[in-house]
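Undergrad: Pasting in a structure now, in C-alpha cells, and then I'll have a few things to ask.
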Amino acid sequence: MTPGMTIWRCAACRTGFFPERLLCSRCHGETFATDRVYEALIEEISIIRHMLGQENWQPRRIASVRTSDGQRITVGLRDESGPGDTIELFEEGAAPFGRAKPK
Amino acid sequence: MFRNAAIIGVGQSAYTRRPEPGQSTLTFMRDAVVAALKNAAIDAKDVRGMAVASFSLAPDAAVDLAWKLGLSLTWLSQDTNGGSSAMSMLGNALRAVETGAADVVLVLGGDATGLAGYAKVAANFNTVTQKHLAPLGHGGPNGVYALVAARQMKKYGLQKSDYGHIAVAQREWAAKNPFAVYRTPMTMAEYLAAPMVADPLSRYDCVPVIAGAQAIVVARPDRAPKGRPGVRVRAHRASYNYDNQEGDGLQTGISTFAKEFWQEAGVGPQDIQVASIYDDYPTMVLAQANDLGLTPGNDLARFCRVTIGEQRFPLNTWGGMLSAGQPGGHAGGLNGISEAVLQLQHRAGERQVKGARLAVATGYGMTMYRYGGTAAAAVLERAE
C-alpha cells in the first residue's frame, strides 16, 4: 500500500490527469510529469454484490470521487465512508483505493 | 439522406442463454447470415461487402469469416466500437454502397462468450480497466453504470421504480417476440423485489448475457424484394470519445450531434413513431433519449412514469436487450436496427406499431473508464 495516488501532469499547461494520457486533452502537450494526490471527496458509491463468473463473492464497495486536484476517478472503498465524505487515497499496484481520513 | 443505399433485409439466429455443444459464435453468425440473405432475397454470390463485429471471433478476423462463408468481397471492415458498432457498421455500409465500393453489403454481429468468457471480456476491456478498475472488484459494466445511475437519480430526482417502468414495458413487448430469451410478463413488484447486483442496479436493470447473432443487408433500394419497401436512412451521425471521460456520463456522444442530426433528417423527435434506444441499462436509455430530445423539459421522471409507464410511446418493441438478451453489444445494437426495419416494413407481427413510417435507432458503448465513449444514431424511414 502506497499513500496517495499517481496522476500525470502536463508540463505545458499543468493540467493533471488520471489515467495516464499520451497527449494533453487541453493543450495537446506531449510531456507529462508524475505527481501525487492524497485526498478526494466521495460523490457516489455502489456495493458490488454479484460478479459474473465468480462464486463465493464477498460484496465490495466502490466510489466515484473527485480528487483534491479535480480528477473524477473510481476507487475501491475500504470502509463505510459515504457520499460527501472526504477520504484519503492510497494505491495497491496501479489501482486507487480510499478510506476515511483520520480525524 | 442516403438516397442510393437502403436496408433491404434483416435476419437473426436463435437466441439462447446457454449454447448447446456444437454451437459457437461462428454457427450463430452463419444462421443470421442465412436468415438475412433469405429475407433480402439476395444470393450469397451477390454479396460484395461485409462488416462484422464480435467480442469472440478471435483469433479469426473478418477475412477468415468471409472465407468460411464462401464470400469473395471488394469491401471488408471489422468494427470495435461495442454497443455502437452496429450503428457504425450501418453508416459505413451505406457509404460503401453509395460510393460503389460494393453493391451488396452484409452487416453482421454475434457472440457466444458464455458467462465466464464475458467476465474475462469485462475485466480486460481495455488497459485502463485491467490496471485501474478490475483490481477494485468493480463488477465490470454493472459497477460502472451503478455509479452513473446513482448520479442520474440524484440529478433528475428519479426513483428506483422509474427504471422499472422501462424494464416492465420492454418485457411486455418481449412477450410478443418469439426470439426473446425472457418473455414471461414482469410486474413492477417483481422488478422491485429482484436482488441487488450493484446498488442501485438490481437484476432487471442489468442486460443478460446470451448467445446469438444478427445480420442486415444493405444495397441499392431497387434490390429490395418485390412488393416490400426498403428502409432508407435519413440521417446518420456518430461520436467517439466526446468528452475525454471528464464529464458525468449523464450525457452521451449523441448530445454532440443531436441538433445537426435532426436537421439532416428533416424531421424532429416529435415525428418519431417507434424507437430502438440501446438498452444495456435503463439508465443509459434515459441518457440517450434525453440527448435525442425525446424527453421534453429534460423531465426524465415523467418520461418513465407517463410516456413509458402509460405505454404512450413504443420504445424497444422487440423487448430490448434487457428482455430479448444481449448477444454481445454488437449484435444487440443490430437487433435494435432490425426491429426498426421490421416495424417500418410493417412486418413486426403482434408488435407492429400501426402505420409506422419513421423510427430512430441508437448505439452506445465502449465503457472506457467511467462510462461509454462511443455513440451513434440514425433516423430510418419506410421507402415507398
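The values are calculated or read from the model by the stated rules, or taken from the named source; none is laboratory data. Quick caveat, the model's predicted, so the values are computed rather than measured. FYI the Cβ positions are ideal-geometry reconstructions off the backbone, even for glycines, and counts take in every protein chain you see.
Undergrad: With a cut-off of at least 3 residues that are among the hydrophobic types (A, V, I, L, M, F, W, C) and either in contact (Cβ under 8 Å) with a residue 12 or more places away in the chain or more than 14 Å from chain A (Cβ to nearest Cβ) (or both), name the strands (runs of 3 or more DSSP E) lying wholly within segment B:19-123.
TA: B:49-53, B:104-111
Yes/no matrix, rows are residues, columns are (1) assigned by TED's automatic domain parsing to the domain that holds residue B:30; (2) surrounded by 24 or more Cβ atoms within 10 Å (Cβ to Cβ); (3) part of a loop (DSSP other than H, G, I, E, B):
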| residue | (1), (2), (3) |
| --- | --- |
| B:313 | no, no, yes |
| B:317 | no, yes, yes |
| B:332 | no, yes, no |
| B:336 | no, yes, no |
| B:347 | no, no, yes |
| B:353 | no, no, yes |
| B:361 | no, yes, no |
| B:376 | no, yes, no |
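Undergrad: Something else now. Please count how many residues of segment B:137-160 are without any contact (Cβ under 8 Å) to a residue 60 or more places away in the chain and assigned to a helix (DSSP H, G or I).
TA: 6
Undergrad: A follow-up question, please. Could you list, in sequence order, the residues of segment A:54-103 that are without any contact (Cβ under 8 Å) to a residue 40 or more places away in the chain, over 11 Å from the mean Cα position of the chain (by Cα) and within 30 Å of residue A:14 (Cβ to Cβ)?
TA: Residues satisfying the conditions are A:81, A:93, A:99, A:100, A:102.
Undergrad: Can you pull out the residues in segment B:200-233 that are surrounded by 24 or more Cβ atoms within 10 Å (Cβ to Cβ) and assigned to a helix (DSSP H, G or I)?
TA: Within segment B:200-233, B:204, B:205 meet the criteria.
Undergrad: Are any residues in segment B:124-136 more than 22 Å from residue A:58 (Cα to Cα), in contact (Cβ under 8 Å) with a residue 24 or more places away in the chain and not aromatic (Phe, Trp, Tyr), and if so, which ones?
TA: B:126, B:128 - these are the residues of segment B:124-136 that are more than 22 Å from residue A:58 (Cα to Cα), in contact (Cβ under 8 Å) with a residue 24 or more places away in the chain and not aromatic (Phe, Trp, Tyr).
Undergrad: Look through A:61, A:14, A:66, A:21 and report the one residue that is assigned to a loop (DSSP other than H, G, I, E, B), within 14 Å of chain B (Cβ to nearest Cβ), under 23 Å from residue B:248 (Cα atoms) and out of contact with any Pro (no Cβ under 9 Å at 6 or more places or on another chain).
TA: Going through A:61, A:14, A:66, A:21 in turn, the sole match is A:21.
Undergrad: Also: What's the total number of residues in segment A:70-89 that are crowded, with 18+ Cβ neighbours inside 10 Å and either more than 9 Å from chain B (Cβ to nearest Cβ) or not charged (D, E, K, R) (or both)?
TA: 10
Undergrad: Can I ask one more? Could you list, in sequence order, all residues of segment A:28-53 that are outside any strand (DSSP E or B), surrounded by 14 or more Cβ atoms within 10 Å (Cβ to Cβ) and over 18 Å from the mean Cα position of the chain (by Cα)?
TA: Passing the criteria: A:29, A:49, A:50, A:51, A:52, A:53.
Undergrad: Counting just the residues of segment B:241-256 that are touching a residue at least 60 places away in the same chain (Cβ under 8 Å) and more than 14 Å from every other protein chain (Cβ to nearest Cβ), which one comes out farthest from residue B:376 (Cα to Cα)?
TA: Filtering first and then ranking leaves B:252.
Undergrad: Let me ask something else about it. Return the residues of segment B:130-184 that are surrounded by fewer than 17 Cβ atoms within 10 Å (Cβ to Cβ), among the polar types (S, T, N, Q) and within 14 Å of chain A (Cβ to nearest Cβ); say none if nothing qualifies.
TA: Residue satisfying the conditions is B:130 alone.
Undergrad: I'd like to know if segment A:35-51 contains one or more residues that are touching a strand residue (DSSP E or B) at 6+ places or on another chain (Cβ under 9 Å) and modelled with pLDDT under 95.
TA: Checked segment A:35-51: at least one residue is touching a strand residue (DSSP E or B) at 6+ places or on another chain (Cβ under 9 Å) and modelled with pLDDT under 95.
Undergrad: May I ask you to list the residues in segment B:313-366 that are among the β-branched types (Val, Ile, Thr) and free of Cβ contacts under 8 Å to residues at least 60 places away in the same chain?
TA: none
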